[in-house]
1. Out of the GluC sites (Glu not before Pro) in segment 215-284, which ones are loop residues according to DSSP with at most 13 other C-beta atoms within 10 Å?
2. Treating only the Cβ of Lys, Arg, Asp and Glu as charged (+1, +1, -1, -1), what charge dipole size does segment 133-230 show about its Cα centre? Round to the nearest 20 debye.
3. How large is the convex hull of the C-alpha atoms of the chain per residue, in Å³?
4. Whats the longest run of the chain with zero trypsin sites (Lys or Arg not before Pro) that are DSSP loop and have at most 11 other Cβ atoms within 10 Å?
5. Here are some pairs, LYS140/LYS266; LYS38/LYS140; LYS28/LYS89; LYS26/LYS266; LYS38/LYS266; which of them have Cα atoms lying more than 29 Å apart in this structure?
6. For the residue pair ASP66 and ASP261, what label-to-label distance in nm results when each label sits 7 Å from Cα along the Cα-to-beta-carbon direction?
7. With contacts defined as alpha carbon pairs under 8 Å and 6 or more residues apart, what's the relative contact order of segment 135-280 in percent?
8. Using modelled amide H (1.01 Å from N, peptide plane; none on Pro or chain starts), what sits under 5 Å from the amide H of VAL260, excluding residues fewer than 5 places away?
Amino acid sequence: MAWFRKEKKPLRSAERRDIAADVFVKCKGCDEILYREKLVQNLQVCPSCGFHFRIAADAYVELLLDEGSFEELDEHLRAADPLGFTDLKPYRQRVEAAERAGQKEAVITGTGELQGIAVALSVMDFRYIAGSMGSVVGEKIARCGRVALERQAPLIVVSASGGARMQEGIYSLMQMAKTSVVLARLHEAGVPFVSVLTDPTTGGVTASFAMLGDVNLAEPGSLVGFAGPRVIEETIKQDLPEGFQRAEFLRRHGMIDRVVDRRGLKAEIALLLRHMGNLWESPA
């Protein structure tokens, strides 16, 4: 009965299918193997467990603003090297490396429309030196806030940052005060400010504009805090609660207002802006 047995032959190289290494990606939340194209279509949110992968700043611009409405502001601004910082790796080299990778700075600012509502938008980019806040980042966000004030348009800031940029020293810390003053003026004028916290939002960014929103939203699972958990544990000599500094933990303890799935973020912000600005007649 040899004819019922199929002889096993090794695949020849011509018969093998070449599969690119980045076709599939492993979810960090549930270890599910995901088809990358389907993940992109789902806004980089795992369909199995809801884990939110990090996305770039321009992806948030595309996600939040109506198609064709975005006009970038101050794209010419670039980081200087006021301290001549050379420890470990010269600051100028870090800036040049980030620019070669395609990022102009750690924040994109501009104006546009969100479901027909005119807004000013700032989005931080973690790919540029860990989204650190230097003098250019603070200046661009402050200018964006002033545009919002002049146009009486709501301000939205999407944060993703490791904190103040150490290579600029005191210049980076001054941005905390600069951005906070602009937000105070918006508050006095009754112009809404919505802060969106993504993973991670830490350091001086958390200690300034990121937590000053009229409404503070966060994506699920986002790490939000000032110092990191390890530093806190070493300082207080105690174990931290499970989920400490994650968005859901902060929501339960009153530090943020809502944890919002990325796929519903635009609709959620539109609803809030219509409520705060009495814009219910605007089209959905």
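1. Within segment 215-284, the qualifying GluC sites (Glu not before Pro) (loop, at most 13 other Cβ atoms within 10 Å) are GLU242, GLU281.
2. Using only the charged Cβ atoms, the result is roughly 200 debye.
3. Convex hull of Cα atoms, per residue: 228 Å³.
4. Between exposed loop sites, the widest span is 79-236.
5. LYS38/LYS140; LYS28/LYS89
6. Here the answer is 2.6 nm between the modelled labels.
7. Relative contact order for segment 135-280 comes out at 21 percent.
8. Under 5 Å from the amide H of VAL260 lie the amide H atoms of ALA218, GLU219, each far enough along the sequence or on another chain.
The values are calculated or read from the model by the stated rules, or taken from the named source; none is laboratory data. Quick caveat: nothing in here was measured; it's all calculated off a predicted structure. Neighbour counts are summed over all protein chains in view; Cβ atoms, including those assigned to glycine, are modelled from backbone coordinates with ideal geometry. These area figures cover heavy atoms from the full protein model, side chains too; ligands, DNA and RNA do not enter into them. Shrake-Rupley method; radii C 1.70, N 1.55, O 1.52, S 1.80 Å.
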